[in-house]
Structures are given as structure tokens and as C-alpha cells.
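A short reminder: the numbers here are calculations on the coordinates, not readings from a lab. Please read these numbers as outputs of a predicted model, since none were measured by experiment. Neighbour counts run over all protein chains shown; Cβ positions are idealised from the backbone, glycine included.
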Protein chains: 4
Amino acid sequence: MTVKIKVGIIGASGYTGLELLKILIYHPTFELSYVANSTGGVSVDELHPALKSICALDVKKADVDECALSCDLVFLALPHKTSMAYVKPLMKKGIKIVDFSADYRLTQDVYEEYYCEHTDPVNLMNVVYGLPELFREEIKTASLIANPGCYPTSAILGLLPFMDVRIKNTPIIIDAKTGVSGAGKKLSESTNFVNVNDNMFAYKPFTHRHAPEISQKLGIDFDEVNFIPHLVPITRGMLSSIYIQVDKNIDAYNILEEFYKSEASVRVFKEPVNMKNVAGTNFCDIFVKQKGATLFISSAVDNLMRGASSQAVVNANIMMGIRELSGVSDIAYVP
Amino acid sequence: MTVKIKVGIIGASGYTGLELLKILIYHPTFELSYVANSTGGVSVDELHPALKSICALDVKKADVDECALSCDLVFLALPHKTSMAYVKPLMKKGIKIVDFSADYRLTQDVYEEYYCEHTDPVNLMNVVYGLPELFREEIKTASLIANPGCYPTSAILGLLPFMDVRIKNTPIIIDAKTGVSGAGKKLSESTNFVNVNDNMFAYKPFTHRHAPEISQKLGIDFDEVNFIPHLVPITRGMLSSIYIQVDKNIDAYNILEEFYKSEASVRVFKEPVNMKNVAGTNFCDIFVKQKGATLFISSAVDNLMRGASSQAVVNANIMMGIRELSGVSDIAYVP
Amino acid sequence: MTVKIKVGIIGASGYTGLELLKILIYHPTFELSYVANSTGGVSVDELHPALKSICALDVKKADVDECALSCDLVFLALPHKTSMAYVKPLMKKGIKIVDFSADYRLTQDVYEEYYCEHTDPVNLMNVVYGLPELFREEIKTASLIANPGCYPTSAILGLLPFMDVRIKNTPIIIDAKTGVSGAGKKLSESTNFVNVNDNMFAYKPFTHRHAPEISQKLGIDFDEVNFIPHLVPITRGMLSSIYIQVDKNIDAYNILEEFYKSEASVRVFKEPVNMKNVAGTNFCDIFVKQKGATLFISSAVDNLMRGASSQAVVNANIMMGIRELSGVSDIAYVP
Amino acid sequence: MTVKIKVGIIGASGYTGLELLKILIYHPTFELSYVANSTGGVSVDELHPALKSICALDVKKADVDECALSCDLVFLALPHKTSMAYVKPLMKKGIKIVDFSADYRLTQDVYEEYYCEHTDPVNLMNVVYGLPELFREEIKTASLIANPGCYPTSAILGLLPFMDVRIKNTPIIIDAKTGVSGAGKKLSESTNFVNVNDNMFAYKPFTHRHAPEISQKLGIDFDEVNFIPHLVPITRGMLSSIYIQVDKNIDAYNILEEFYKSEASVRVFKEPVNMKNVAGTNFCDIFVKQKGATLFISSAVDNLMRGASSQAVVNANIMMGIRELSGVSDIAYVP
């Protein structure tokens, strides 16, 4: 009989916390041993009525010591700043961590420019950026994973295969479209149904915090990354339309297919990709088309799954030496 | 090592065919051995690009002999009339069948009044109506299952616990709301995005073909069943708001909870139920509230799952003597 | 040259305030002379960017004296309780009022049971309920109009023609569906896009505050009114599905058509009505169908227009002796 | 008493035909004297039930002679190819025409490359492209107007102010998003609710027929125009996100504001524009932001109004020498 690996969630209330629960409840090797949010005092199915009759575990008030006693690995589905306050003590206690926040994704200087003062620079030295297609080997031995942002995941996976054929010093345009769940559960005018339904708009053009994350991980000068996110009236899903300048003579489709031929969580399509085919899965679906020197790359992910929770579980699987896609569904929410 | 049971699908192109594929691809005991539609000549992932890299089985042109050679049990996800043309020869060959159409749900006279001439009255004698909460024992030994309609499933499960306390000869009002996938894949003005988005309307008031199905299975005089379906701008989901007259002194919640206390696929809620919590699952969620003699019952199912494909798989599981909910997900498509 | 009638709005920030602005800006006889909300300090187009380049009037901090000096008639698009605090002093100053709140719609005892203590019982004596089809003559000479609630408008207009043929002491079922704008602009979980999109549910079954309003205005015992509202993923629109018991021998369509043959803002349809055809207009569209003694009435309004702002302007038109539908559009937001 | 100008519509069945009807029914100077589609035999309100009790004009089977006898000006809301078959004889009869199709928007060679053989090259010589901000003077004396496509309208209006500061020979990226009504009324899988809801995808990347229209009207080499349209789950609305390379030292906002300071139908915003604020109006709302040499221009129109029917009426107003915005609403379909 297999001994299960004990895992925990701190931050079980939000959308990504719910997605984590949905995956971990039936994970074949992980045992959900600790579930916490900022207040505690409820059960999982009270917090998320969709899980009624499925999971009635207690949701505890988050506590470092209790977490450390209960888990081998913990997922921190927390906002930035809150997260590093947990990472620091949990790392000391030897707990492996997959952190959903931005706290360990950037170099300290850029982080402090875009977010706030960093209170745990030591662990910034040890973190691995949890994009398996880029850092699979490093993830295997990591104790702390910075789980990528949703926009960076879709943008980087779309751009990676073409970094070599890109014409240097030309602008990269990332026109991204995201569903509303990406904004999290906090109430705001811009996520109110009446404002979103039948509507669409850009927000934070050029200044969104995911832009420096894309730039740093791809090793491109920030000046060359032009990131414009848009909100669309969709619950989950993200589509990044990427435009770069490349050598006119490449076979873009072939480059893309070759690049990902061994990757189980990236699919290459000959028709434009869409959000539905990836909803509920860890897939990143990619389409590419060229016109002269301009390359159009369309990259689709589920912002809550490949852009957050399923990617986090994949990272944990790799860290723990089990099958990479263990517990993660590849059956989309279609039709 | 367990020997798998070979199952097939005829009618793999539609929404319910896709849902069947999504369940059966990873079913622990069933092996998908035959997939067919009316034309053949494609693979599963060409037919449903969401299944790319997951299932590349050939989709055959439907053929009774080939099906019978390949399967122990077959799911017929076909429209009425087409279905009975397959049931008749497949039954002769001893194949077990779960039929999605209306062809075997009604008595011959009522069927012919609402649909068309019945060409297989013999098998009408042997069929079992596949609502496990009503006919679990009969399903165990059945060769032919008439899988219930989506509206009847939600309405009957809502009404069943209260049939004894209902005041005889009073009208039953079933005001049902369904997502657009219930109309199937056939193109029509009423399923065009522009006509559905931001819109809602009743259709076929009193005359929808699911009304006699509800009436016959509950053993109520058709005159007493008032069934009014509405189309809502939602892809999947069904909510039946049911109003009946009952003894004023009952404890409706208690009756409901008692009735379903041993049923794993019905959940009783103390707050009004919604469509999201059941999307992607086999659950029927039910809420009840009384005001004087009027009882309001709110019953939610996923029209493609509990209202079609997951219920079909549950029926097949029972027929084959395996765990009733084998292969069927209880994790909803939330948020 | 016609002298214009000066009108004001207190409560310009909400959805109904915006609809009022949209109508009054181009009203041929009314001149928008006073616009206020609870804070002031902005212009109309800052408050509602859609009105940029159309209306840059100052939005004042609401003040009774300033309002009385500026207007002959004022629309109070305010929540209950807040509203009566303005009605009392404005009535003293002789300003005509159309009040959007529930404060003057009910008898004092029922109001206090459902809302809060009533601080202006005197004016409760003088108010007219602003449903023109019921009280057109009284509205002509009224100083204070209680503008009907959205649900009561659609329910009462649907029920009115059939009150004479209804079988006494049988239950009235009103299964109503509303778009999200009916909940107002206040942020809440239940109006967040993620919770509404692809979802539907009943809320406040039997206990919604519009139930006694329907009961009182129709003169029916409250015990006989069963009102169940549902939220649907639509911005604006309301569909009331009403079920009553009637004499089997009536010609329901004929009764309906006769009843409204002189009413310009009610349309009778031979096919089920929908929300889109009334969006943006003052129409109430009604369909009726009978099965035995059960009558199904389907009544559609735009909750923000016929259910609030356009009906308010119609009331003001009647009060001021000008053309009843002056300024009010009958061109729907289709497709 | 003013003599009204008689106008007609050929192609009254589609979405743009409906929008034309909605405008022309109440146009203060135009009298709707002829309404036709391909079959005739119905009335306007039977064709568009939303217009019940508003317009019961006969819809005729389209006929050149009858049209010419009835109208001074006709709107052709027809598909390409069909349209030129009407333009040729109607021009001979001296009827003024606003043509919605692509038939007269392009030079003959490019038209024939993208569409089909051109059967009326003579009138290609006389046509004026109906974008008032570009060709107002020419429209005044034109007999035949090619009403611009929806995508070209939003793209050209966004790009125009910056053509002088654009760095030559750099790529123009137009990442456009459109609501589903842009696809017209014809049924197709890609406009079925189930495929559109919760989904988004690019279509016809680089090859959409509106790309050469944008290129020709702006006088840019086709190689430099990269046009990628996307379908979004919205009924009406279009948002073009445009990326160009410009001189780093410009003040983009100031250029934009100056350029359109005298244009009543273009609004310049300091915050990103959205689809809702223009829905139902003739406005084009534009926002601009610069990062280094990359300029992001966001341009929003209602695809059925500024992108079709209201722009057509504006063109007709100019041709007939009446007030440019006569009959055209500037009040948006918000909230």
C-alpha cells in the first residue's frame, strides 16, 4: 500500500483555492491534510457549497506551526505580501512550498518597484520559477516554487519557441484577453456582472505587473515588451495574441511543433485556438501564423488551471518525484 | 488484472456524445471499443478538437454488425426514430443498450401521439426507465434502458418525495429553465448567440414532449401536469421550479432529506440551489420551501450529465454490476 | 415658443438614475434643471462616462431647498427610507414627486412589517400608485406618485385582465426571472460576474418584498400570492411566468386583447414574449395560453424602464398634462 | 410644413436592416417609403416582432423599378455581389444610394482578388467612401456611397490622427474584437450560442477581407497591415486594439484630441474605452497610450451602428444636405 504525501492549502477561499481543492480531493498520491484560510471556523463544503457531500474537512485559521506539523508540502494561494510572511517561517521548518503569489517571481529590485518592500530576500535566492517547460530539472530539487502568473504562462509558452528567430530589438506585442475569475473574488465595479456583460475593454495598458514577469523570464529588455490585457465577459479562460517580428523565411508551424513535441501539456493546433478547449485542463493550446516578418501567435490557457492551480499541482508532482500530470485532468469543460 | 467491459457509442457527434466520450475515455472498467456517427471517416479528436492528444480512436459509420462484434453494451446518443432502428437489431444480437432517445420512454399510444409511429413495440415491453432512484433494481437486470429526458429527470426527482403529501387533483406547475445545449447541435435561429444572449423566453408552453414523460413516470393524470420550459442564456444547466399543493402541516425539508438520505447523487440544500454547483456532475440538487399549502421545489441538474450522459453511464454501471458511480465525476465546473 | 417644465433627479448615480438621465436629456417638454446624488461634486458625464459630450450638468449634493427652487417636479431614484426623508419636506414646498422607492407603495402596517418604521404617514394618504393602466385618472391630479416596483409592474399587468375569470381562493404562482441590474449598483457576491454567468437560481422564495405590493394592488389575500423571483445572467429584462386557475371556458387571448386594446404601452402577442423586444422601452409584452383550468401568462418588461424610469417619466407626463408617452422610446435594444 | 425626403431600404431582414428601420421610422426628415427584402410578403413588424405596434409597413420583394418610383435615396443592406446588381440599374434611374456591401469599397483589382468579378466597374469611378471624417466634402455631392465596413471604421478612425507621426515601414498591428452580430443573421456553427458563450478565438488571421479595405483607405502598403479579428461573446460592439511605431517624442493624447476636436461623432477618452458606452450610438470612442516608440490605440464602435447603419444614415444626411446627425441617437445602451 502506497504511503500518501501530505499536502496543505493556505488560502482555500479564493477561486484558485477552490480549484486546488477540486484537484487535491481526488489526487491519487497527495493526501489533503491541512486546509486553511484567514479566519477558519468553517468546513470546506460550507466555504464552497459545490463540494457538499464530497469534502467536509475543517478549514482552519492559517497557522505556520500547525501547517508544518500536518504537511510535507503546502500550496500558498495567497495575495502578494501576505504570501512571503508565510514562506519565510515555513521554509525554516523544511516544508516544501508552491507559492501562487508574485512574491518570489521577480528579482528584488523589480519586485519592489512593482509591488512593495520584500521582507524575505534570502529565499529569493533559492526559488525556482514553476514553468515546467522551462525549468523542469530545477523544479525537481526545489524547496520553493514561484508558481507563474496566468498571463506570463500563456505569453511565455507562446513566445519561447520563437526567441531564436525573433529579430532583436523589435517590439513584442502581447494583446491578452482574460476571463473575470482572473481578478479574484474581491468585489469591485469592474467585476460586477452589469459592467462586464456585453462589454470589453483594455486595462492597465503597458503597466500591468505581469509585464516585468514576462520580460524577466524571457530575458528580454523590458522596453521591448508591450503588454496590454483586456477583460472579456467570460468566467475562466485566457487568450494571448502575440505579435513579433521574425526572419521571413522560417517555417513557424514546424518550429512550434518541434519545440513542444515532447511536452504533454502543450498542444499545437493548425486552426486558431480557443478558450473552451483548455477550460478545466492544464493544457496550453498554441496556434501560429506568419505574414511576412510578422508572426501571430495565439496561446490559450485556463487562467485558473494552467494559469494557477493545475500548474501548481504539476509543480508539486515534479518536486515530489511522482508522475508529472498525476491528479490533473485533461478533459475540458466543453461544450 | 481486471478484464474490461467493452462499450460503444453510436451518435458521437452531438453534445451528449461528447460528454459520453469525456466520461468513457477514463472509465476504470469500461473500455471504449466502438465509436460511430452517421458518416464515419474521422477520428474522435477531429470530431471534438478538445480531445486532441487524448483520444484518436476512429469514428466509424454506424453499423449494427460491427457494433455487435465490438461491444457488450452500447450507448445510443441518437434522435428519436433513428434510435429504434438500431435498438431492434442490436437487441436481437444480445447487446445491452442505453438509449438516449425518447423512443422507449413512453407507452406506445402516447409515444405515437407525440412523436411518430413506433416500429419496435416488442422491445417497449422489455425496457426499463433509467432513473436509478426509481428503478434501481429493475435496471440491474435490464437489457434495454430508456435513459430519461433532462426535464423529466429534474422534475421527477423534485416531485417524487412529495407525491404522498400532495393534494389529489390539484395542478402541478413545472416552470423549467434550460441552457442552450439542451437543444442539441442542430443550428436554428433560437440557438443563435444573438437571439439567446440577454434574452429569455418560454417555448412550447404546455405542449413540450417531455410533459407526458413526466406524467407517465409519476403516474399522474396528464391533465394535472403543466410544464412550461424556458430557454436561458447559459450553455449547460437546468433548473426546474415546481409548485404543488400539499397538506399544510408537513415538514417539507424533513421529508425531502429523509427520502434521499441514501442516495449519493441527490443533494438536499437549505438554500436555493443553482446551476453551477451541478455543472459537470451527476448530482441533482434540491431545495424546498413551503407557504401554506403551496410547496416550491427547486431542482437543479446538468442537462448534459444527469440529464443525459452521466446518468447513462450510471445506468450502464448498474446493468454491468459495477460500482454505480464508477467513472462519473462529482466535481463541479465551478467557479 | 413652449415654456419647458423644470424637472430634477435626486439619486442620479444608480442604474435607474442613469436611465432617467438618458430619457430626460432629450425630453421635448421637460428641462433637466437639477441633478443630485448623495455627495455631489461631479458632472453628469463624469458620473456616467457614456454621456460624455452629451450632458455635462453639475451633479449637486442633494438638498431639499435647492431642489425646490430649481424644479416643478422631481424624480427620487433613492432607496427606501432615504426617500421618505425627502418626500416629506418636498411635499411641503409644493413640489410634485415621482418616488422610485417602496416607501409609499404599501399601507403603513404592511410597509412597517416588510421594511421599517414609516416616518411620513401623512403623505401615505395622498399618494397614487403610478401604474397608468390602473390609476391613470388619479395620476392626473396627484402630487405624489409611488412608482411601482419592477416585479409588481410585470405581474400586475399580466394578472389584471384575468382577475374576473380567476377561480377564487386558488393559488397564484408568479415565477419571475430578472436581469442583474434589478439588484442595483451595490456590489455583492450575488451580482459578481463569476457567480452570475452560466448560473441561475431562485432567491427570497415567498418572502421577497414585492409580494405584498402585488397582493395589495390586486386586492388579493396575501396567502394566495406565491412569488418566487430568480436571477438570470442578463443585464436588463424581466419575465414573469404567472400561473392561475380560471374558468375552463374562457377565451384567454381574446380577454387579454380586449383588455389592453386602448393601451399604447402594452402589447399582446400570439407567440411567447421575450426580454429583448422590450429592452429599452416602456412596453409590457404579454402572452397567454390555457390548458384546462390552468392559465399561463408570460409578461415581459425592461426592469429599468417599464419597471422603473420610463414608467416614472410616463407618470410625470400624465401629472403635468402633456402627451403620456412624451420622451419615452418605443424602439427596443434589438438585436 | 417641411416636405420629407423619401428613402427606402433593400435588405430589411438582416441585423443592419433592422437597425436602419429603428433609425428611419422616427427620422425627422426622411420618410420611409419603400422597404424590401428578397422575398416580400410580410410586414415590418412580422419580420421584426420588436417593432410591433410601431411599424406595419409592407415589406416588398425587392424591385428596382418600384424602388426608383418610391424613393429619392435607398439604403442597400445587402451582401456583396447581390448589391452591385442593384446599384447599376438604380444609378441609371438617378436614385442616390448608400451601399452597405463591400462592392464599391475597393479598387477593382483588389476587389476581384478578395471577392469576385466586378460587374459594375463604371460606378466604381463615381463612388465615395462614406467615412465622414475622411470624405465629408465628397459625400455632400456623391450619388453613390460605399458605406465602410465595421472593422475598417474602427481601425481607420483610430489610426488616422497618427499617420503623420508613424515610423514608415514598420508593421501596423490591428488586434480587433467583435460581437457576434457582425457575422450577420446566417446560421453557422461559429455563431451558435454554445460555441460562442464562454469562448473567444481569432479567425481569418491576416486574411480577413477588411484588411485590404483598411490598407487602401489609409494609403498604406498592404504588407504593413496585420489585421487579426477575434470573436467575443457579445451581441454588438467592436474594439480595435491597434499597435504602431511612432516618434518617441510625440504627445499622443494631444494629437488625438486636436485631430478630432471638431468631430461630433468621435470622443477622446483619458481612460481605456469600452464597448458599452458606444452601443446603440454613432460614436467612435478612442483612447491612446504610448510606451517608448510603441503606441497603443484603443478604438470602440458599435459594429451595427457606427460600423453600419447609423453611419449610413449620417452619410445620407450629408448627401441630402440636412443636419449630419439627424435621426441618429447618441444615447448608449447602458448599463
### Task
For the protein assembly as shown, give the share of DSSP beta bridges that are antiparallel, in percent and rounded to the nearest 5; count only bridges with both residues there.
45 percent
### Summary
Counting only DSSP beta bridges with both partners in chain D, the antiparallel fraction in percent, to the nearest 5, comes to 45 percent
### Query
Between copies, how far does the label point of A:Glu113 sit from its twins, in nm, shortest first, when each point is 7 Å from Cα along Cα→Cβ?
4.3, 6.6, 7.7
### Task
Using only Cα atoms, locate the centre of region C:81-153 and the centre of region A:87-142, then give the distance between them in Å, rounded to an integer.
61 Å
### Query
Expressed as an acute angle from 0 to 90° and rounded to the nearest 10, what is the orientation of the C-alpha long axis of helix C:309-319 relative to the principal long axis of chain C?
80 degrees
### Query
Label B:Glu112 and D:Met125 with points 7 Å out from Cα along Cα→Cβ: what is the distance between them in nm?
7.4 nm
### Summary
Once phi for every residue in region B:192-202 is put through the Karplus expression 6.51 cos²θ - 1.76 cosθ + 1.60 (θ = phi - 60°), the whole-Hz ³J(HN,Hα) values, with Gly and Pro written as x, are 5, 3, 4, 7, 8, 4, 6, 9, 6, 6, 6
### Spacing of the two label points (7 Å from each Cα toward its C-beta) at D:Glu263 and A:Lys186, in nm
3.7 nm
### Distances in nm from C:Lys6 to the matching label points in the other copies, shortest first (labels 7 Å along Cα to Cβ)
4.8, 7.6, 9.0
### Message
Among DSSP bridges having both ends in region C:243-307, what percentage is antiparallel? Round to the nearest 5.
### Response
75 percent
### For region D:115-205: rounded, prolate or oblate by the Cα gyration tensor [a/c cutoff 1.5]
oblate
### Task
Output the relative contact order of chain A, whole-number percent, from Cα pairs under 8 angstrom with separation of 6+ residues.
17 percent
### Query
Which of the lysines could a cross-linker bridge to A:Lys93, judged by Cα under 21 Å and excluding same-chain residues fewer than eight apart?
A:Lys4, A:Lys6, A:Lys60, A:Lys61, A:Lys81, A:Lys140
## Note on the structure
Between the alpha carbon centres of region B:157-187 and region C:192-211 the gap in Å comes to 19 Å
## Note on the structure
Each residue of B:164-175 has, on average, a number of other protein chain C-beta atoms within 10 Å of its C-beta equal to 3
### Task
Under 1.5 on a/c is rounded, so check that first for region A:195-335, then, if it is not, pick prolate when a/b is larger than b/c and oblate when it is not; a ≥ b ≥ c are the square roots of the alpha carbon gyration tensor eigenvalues.
rounded
### Query
In cubic angstrom, how much convex hull volume per residue do the alpha carbon atoms of chain B span?
142 Å³
### Query
What whole number of Å gives the distance from the Cα centroid of region D:283-312 to the Cα centroid of region B:235-261?
52 Å
### Query
When ranked by the protection proxy of mean other Cβ atoms within 10 Å per residue, highest first, what sequence do the peptides A:101-109, A:182-190, D:260-268 form?
A:101-109, D:260-268, A:182-190
### Query
Using a label position 7 Å from Cα in the Cα→Cβ direction, what is the ascending list of nm distances from D:Ser143 to the same site in the other copies?
6.7, 8.0, 8.6
### Task
Would you mind giving the three semi-axes, in whole Å and largest first, of the ellipsoid equivalent to region B:7-58 according to its Cα gyration tensor?
15, 12, 10
### Query
GNM on chain C, C-alpha springs below 10 Å: top fluctuator among C:Ser38, C:Ser83, C:Ser310?
C:Ser38
### Query
What residues of region C:288-320 lie in the reach of a label at C:Asp251, counting those whose backbone N is under 16 Å from a point 7 Å from the Cα along Cα→Cβ?
C:288-290
## Note on the structure
Beyond 44 Å, the calculated P(r) of the protein assembly as shown holds a percent of Cα-Cα pairs equal to 45 percent
### Message
To test your reading of the geometry: what angle, between 0 and 90 degrees and rounded to tens, separates the Cα axis of helix C:82-92 from the longest principal axis of chain C?
### Response
60 degrees
### Task
Report, as an integer, the average count of C-beta atoms from other chains found within 10 Å of each Cβ along D:275-288.
3
### Task
Starting with the highest mean, order B:146-157, D:213-224 by the number of other Cβ atoms within 10 Å, averaged over the residues of each peptide.
B:146-157, D:213-224
### Query
Per the helix-only calculation at 222 nm, which mean residue ellipticity applies to chain A, given -39500 (n - 2.57) for every DSSP H run of n ≥ 4 and division by its residues, nearest 500 deg cm²/dmol?
-7500 deg cm²/dmol
### Query
What nm distance separates the two modelled labels at D:Tyr203 and A:Lys88, each placed 7 Å from Cα along Cα→Cβ?
5.4 nm
#### Entry: Set of aspartates and glutamates with alpha-carbon distance to B:Lys185 below 12 Å, sequence-local pairs under 8 removed
D:Glu189
### Query
Kirkwood-based Rg over Rh for region D:36-165 (C-alpha set), two decimals?
1.02
